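The values are calculated or read from the model by the stated rules, or taken from the named source; none is laboratory data. Everything numeric in this text was worked out from a predicted model, so none of it was measured. Note that each Cβ is placed from the backbone with ideal geometry, even for glycine, and that neighbours are counted across all protein chains shown. Calculation scope for accessible area: heavy atoms of the full protein, side chains included, ligands and nucleic acids excluded. Shrake-Rupley method; radii C 1.70, N 1.55, O 1.52, S 1.80 Å.
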Amino acid sequence: MIIIESKRKKPATILKKYPDAILADVTSGAKDGLVKLSPFYPHGGIPVPFSEGYTASCVEAIWQGLKVFESCDVDTSLFTNDTMRGLKRTVRKYGKPLGHRKGVNGSELLGYIEARKQIYIPTYKWVLEHKVADIIERLRKASKTKTIVLLDYDTNADVENAKKPLSHASLIKAYAEGIYPYGDVKNDKAKSEAIEQDLFNQ
C-alpha cells in the first residue's frame, strides 16, 4: 500500500508506525531519481493549460506563472526557469492574489480551488503520464507487496480544502491507484479495476 507522511517527521517515528516500510522522498530535496516527481523538477516541454504554443519547465512554474495579483498579472518568464529556485510569487511582494488566469491570454480568473482542478491537477497528471511513467509503474508494482511511504512537506489530500496546500504526493498515490481526481473518469475507473484484478491474481 501507499501512505503519505510529512517529510518533517523523523524517519524513526515513521518506521515505528510502519515497520519495514520503504521511505520515498518525492520533494525537491530528494537525493535520488524520485526528485523527478517534484512539481519543481524541470522536465521541460510541459504544456501550459489553455495556452496554445506555451510550454514550461515544471509544474510549479505554470502554477505560479498563471497567478494574478493586485499589482501584477501573469509572469510567463517563470516558464523558462529550470533552476528549481525563485519560482514562488508571494503576497508580500505582489499584494493580494486575485486568482489564476485561465490561460496566458485568457479573460477568466479562476478561484483557488477551481485553479487546482483546471490547472495544477491536470498539469501534474500530464507529467506523471509523459515524464515519469516508468517511476510510477515501479511504485505501483512495489506497493502490491510492500508499504511505500511517500514523504512530502504537505500531506493534505483534500482538493476542496483551501486552507492547506495540496500534497502532490497524494496525487502520486491516487494516480498509482487509478483514482486520480478530475481526470478521465472512465479511464481512471478502468485502471483501478485493472489494478484490483492484478492484486487478485497475485
- Query: At a 1.4 Å probe, what is the % contribution of carbon and sulfur to the accessible area of the stretch 70-159?
  - Reply: 48
- Message: Sorting check: for 29-35, 126-132, which peptide has the highest mean count of neighbouring beta carbons within 10 Å, and how do the rest follow?
- Response: 126-132, 29-35
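About the Cα centre of the stretch 1-140, what is the dipole size in debye to 20, counting +1 per Lys and Arg Cβ and -1 per Asp and Glu Cβ, all else neutral? If you can, show how the numbers build up before the last one.
Working: 23 positive and 15 negative charges, 145 e Å.
Charge dipole, the stretch 1-140, about its Cα centre: 700 debye, nearest 20.
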- Message: Straight-line reach only, C-alpha to C-alpha below 18 angstrom: list the lysines that Lys96 could link to, leaving out same-chain residues fewer than 8 apart.
- Response: Lys67, Lys88, Lys163, Lys164
- Query: Only one of the listed values, [x] 37; [y] 21; [z] 28, was derived from the coordinates as percent of Cα pairs over 28 Å apart; which label is it?
  - Reply: [z]
- Check the straight Cα-Cα distances from Lys16 and name the lysines below 16 Å, setting aside those fewer than 8 residues away within the same chain. Lys7, Lys146
- Straight-line reach from Lys141: which lysines have a Cα under 16 Å away, not including same-chain ones fewer than 8 places off? Lys173, Lys191
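Per 0.36 nm of contour for each residue apart, how much would the distance between Leu109 and Lys146 grow if the chain were fully extended, relative to their Cα-Cα spacing?
Difference between extended and current length: 9.0 nm.
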- Message: So with the 1.4 Å probe, I'd like the accessible area per residue for the chain, rounded to whole Å².
- Response: 54
- Message: Report the Cα centroid-to-centroid distance between the stretch 29-71 and the stretch 88-165 in angstrom, as an integer.
- Response: 10
- Cα Rg over Rh - the stretch 5-99, Kirkwood: 1.10
- Once fully extended, how much extra length lies between Thr83 and Glu52, figured as 0.36 nm per residue of separation less the alpha-carbon to alpha-carbon distance? 8.8 nm
